[in-house]
Amino acid sequence: MKSKSLIPNKRPDENSNKRPDEKLIDRTKGFLDKEEGLRLYQITLEVSSLGPCLEIGSYCGKSTLYLGAACRENNSTLFAVDHHSGSEEQQPGEGYFDPETYDIRQGRMDTYPLFRKALIDGGLEDTVVPILAKSEVAARHWATPLSLVFIDGGHTFKAAYTDYNSWVGHIAPGGYLLIHDIFKNSEEGGQAPHYIYKLAAASGLFQVLPMTKTLGVLKRRPCGEFPDDLPVI
Ligand SMILES: C[S@@+](CC[C@H](N)C(=O)[O-])C[C@H]1O[C@@H](n2cnc3c(N)ncnc32)[C@H](O)[C@@H]1O
């Protein structure tokens, strides 16, 4: 009798090439523009060999697929923090509610199953560590320097400030702080991400780099580097 093959089915990560999988990203639900995603990818590729990266707000995995693909190229790690119960504007009855993210058994939103599928399809299970928790809970005992922090969680002032306050101190010198959904004008969108962007810029710790659409890019000055406007005695 012919024996059954012991060779397992190919896992998705054996098939995927190393670049971000554009087709998978296109069919993944989310709130990230392609140009912004590619900037995330390029910066992560540049910096993630310095240490692990962390995102706050993964939703169904769109941003994770860009960040994760770059971490995978550098054998780095991406911590992906999200409680997966959705932000205020994603709840039933709100403007960004998607019925497919609602779990009838739990009686609430749950984006984790879709997020997990994106990780599997993207071949990122050996690169991305999902942290199913509120940002402030995940940060409570955090002690690892990070090469990059991407903030795309709750968009109230309290939520954005909490994310900033919880994680900014963990960015290593030479690392990046990236903030999504920055609208300089309140008619275009909520002002909380812009508020924390301005806090970071005013701290003197970051070099403010050109934005890509609504993506703010700040680079933590390496030790021994100074702002151009540092007073000279
Ligand atoms: C705008 S979506 C993120 C979009 C995602 N980055 C993308 O590329 O599509 C915001 C996410 O932040 C999560 N979130 C909101 N407040 C949070 C908190 N305090 N801690 C952890 N996650 C939070 C929500 O569950 C939601 O999935």
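The values are calculated or read from the model by the stated rules, or taken from the named source; none is laboratory data. Values in this document were obtained by computation on a predicted structure and should not be read as measured data. Methodologically, a virtual Cβ is constructed for each residue, glycine included, from the backbone with ideal geometry; neighbour enumeration extends over all protein chains shown.
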Specify which of the listed residues (Ile196, Ile233) is surrounded by fewer than 17 Cβ atoms within 10 Å (Cβ to Cβ) and hydrophobic (A, V, I, L, M, F, W, C).
Ile233
Considering only residues of the range 48-57 that are of a type outside the set (S, T, N, Q) and crowded, with 22+ Cβ neighbours inside 10 Å, which is nearest to the chain's Cα centre (by Cα)?
Glu55
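Just for helices (runs of 4 or more DSSP H) wholly inside the range 109-195: which have at least 3 residues that are within 27 Å of Asp26 (Cα to Cα) and without any contact (Cβ under 8 Å) to a residue 60 or more places away in the chain?
112-121
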Please give the number of the condition Gly68 fails out of (1) surrounded by fewer than 17 Cβ atoms within 10 Å (Cβ to Cβ); (2) within 12 Å of the chain's Cα centre (by Cα); (3) not β-branched (Val, Ile, Thr).
(1)
Total residues in the range 171-190, condition surrounded by fewer than 18 Cβ atoms within 10 Å (Cβ to Cβ), under 25 Å from Gln42 (Cα atoms) and within 16 Å of the ligand (Cβ to nearest atom):
1
Any residue at all in the range 92-107 that's modelled with pLDDT of 95 or more, within 15 Å of the chain's Cα centre (by Cα) and either surrounded by fewer than 19 Cβ atoms within 10 Å (Cβ to Cβ) or not in a helix (DSSP H, G or I) (or both)?
no
Please enumerate the residues belonging to the range 199-230 that are loosely packed, with under 15 Cβ neighbours inside 10 Å and charged (D, E, K, R).
Lys213, Glu225, Asp228, Asp229
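Of the residues that make up the range 130-139, is at least one away from the ligand (no atom under 14 Å from the Cβ), within 19 Å of Ser58 (Cα to Cα) and either surrounded by fewer than 17 Cβ atoms within 10 Å (Cβ to Cβ) or at pLDDT below 95 (or both)? Write out each step before concluding.
At the first step, the residues of the range 130-139 found to be away from the ligand (no atom under 14 Å from the Cβ) are none.
Within the range 130-139, not a single residue is away from the ligand (no atom under 14 Å from the Cβ), within 19 Å of Ser58 (Cα to Cα) and either surrounded by fewer than 17 Cβ atoms within 10 Å (Cβ to Cβ) or at pLDDT below 95 (or both).
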If you take the residues of the range 15-47 that are more than 15 Å from the ligand (Cβ to nearest atom) and among the polar types (S, T, N, Q), which of them is surrounded by the most Cβ atoms within 10 Å (Cβ to Cβ)?
Ser16
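Residues to consider are Gly68, Gly51; find the one that is touching a Gly at 6+ places or on another chain (Cβ under 8 Å) and part of a helix (DSSP H, G or I).
None of the others qualify; the one that does is Gly68.
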